[in-house]
Amino acid sequence: MGVFNVVILFGCLLALLALFAVFLLSQVTVSVIYDKNFQKNEAEVKIRMWRGLLHYEKKVKIGAPVGEVKKDGAESIQEELSIDEMDGSLRVIAKSLTELKGYGSATKEITSDIQLTSLEISLSYGAGDAPKTAMATGLLWGIVSAAIAVISHFFQLIVIPKTEVVPYFMIKKPLELHFGCIGKVRMANAIKAIWKLARFMQRKKQLHNTGEHSHKDKNQMA
């Protein structure tokens, strides 16, 4: 092999290493928007890289919005969310946060490199009665605060969240929700997070299989 060929091969290797380094240092932007209102009930995910040169968009319809005509000709009607249901939802969230502590360290290890550059949570509701609406507003603010606490614990929240709960005291208005966030992470950190997630899921599967085997052994011994 001549000196010229060696130089070309060495140059190609350097170019490949440079491209790989640029790829690892590139930043991925992920945008998530969820809207639940009279017109729609869907989530939208956008992934962009290299200023939009590489991009991916996906809309997921969660359910039928209020007033939408279904295939059977019936009109969907959103049920009024009662104060007890809101209080129950808040209790469920609190219980979920308690259970999440067991996976907190593993989850944070995966998500800690993701920077949230935008976070918006907006809720509106009207019970048709001023006292009930006031109680519901307090419960909704509790849900919003709990959500922000969880998000800021697991992600790098580098902006002040934009939050609002709009009460409608004089009219009945179904619960409407808008949630939006933009996260940024370098490709190297994204690959590392995916690797950690795969290892975490594998360990959970192994523990689950070990528990099943030990349970079967105990039944056989009995």
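The values are calculated or read from the model by the stated rules, or taken from the named source; none is laboratory data. Since the model is a prediction, treat every value here as computed from it, not as a measurement. Neighbour counts run over all protein chains shown; Cβ positions are idealised from the backbone, glycine included.
With respect to Phe38, determine if the residue is among the aromatic types (Phe, Trp, Tyr) and at pLDDT below 80.
Details: among the aromatic types (Phe, Trp, Tyr): yes; at pLDDT below 80: no.
When the stated conditions are applied, Phe38 does not pass them.
Within the stretch 14-33, identify whether any single residue is closer than 23 Å to Val166 by Cα and either out of contact with any Lys or Arg (no Cβ under 9 Å at 6 or more places or on another chain) or at pLDDT 75 or above (or both), and answer yes or no. Quick ask: steps written out before the conclusion?
Restricting attention to the stretch 14-33, the residues satisfying the condition of being closer than 23 Å to Val166 by Cα are 32-33.
Among the residues that remain, those that are also either out of contact with any Lys or Arg (no Cβ under 9 Å at 6 or more places or on another chain) or at pLDDT 75 or above (or both) are: 32-33.
Yes, the stretch 14-33 has at least one match.
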For Phe155, state whether it is crowded, with 16+ Cβ neighbours inside 10 Å and either more than 24 Å from Ala43 (Cα to Cα) or within 15 Å of the chain's Cα centre (by Cα) (or both).
yes
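Where residues in the stretch 1-37 are assigned to a helix (DSSP H, G or I) and among the aromatic types (Phe, Trp, Tyr), which of them is farthest from Gly126 (Cα to Cα)?
From the stretch 1-37, those assigned to a helix (DSSP H, G or I) are 3-25; that's our starting set.
Within this subset, residues satisfying the condition of being among the aromatic types (Phe, Trp, Tyr) are 4, 10, 20, 23.
Details: Phe4: 77, Phe10: 69, Phe20: 54, Phe23: 49 Å.
The selected residue is Phe4.
Of everything in the stretch 137-195 that's part of a strand (DSSP E or B) and β-branched (Val, Ile, Thr), which residue is farthest from Ala21 (Cα to Cα)?
So the first thing to find is which residues in the stretch 137-195 are part of a strand (DSSP E or B), and the list is 156-157, 162-167, 172-186.
Remaining after also requiring β-branched (Val, Ile, Thr): 163, 165-166, 182, 185.
On the way: Thr163: 38, Val165: 45, Val166: 47, Ile182: 24, Val185: 15 Å.
Only one residue tops the list, namely Val166.
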Which of the residues that make up the stretch 38-60 are of a type in the set (D, E, K, R) and either part of a strand (DSSP E or B) or exposed (fewer than 15 other Cβ atoms within 10 Å of the Cβ) (or both)?
Glu42, Glu44, Lys46, Arg48, Arg51, Glu57, Lys58, Lys59
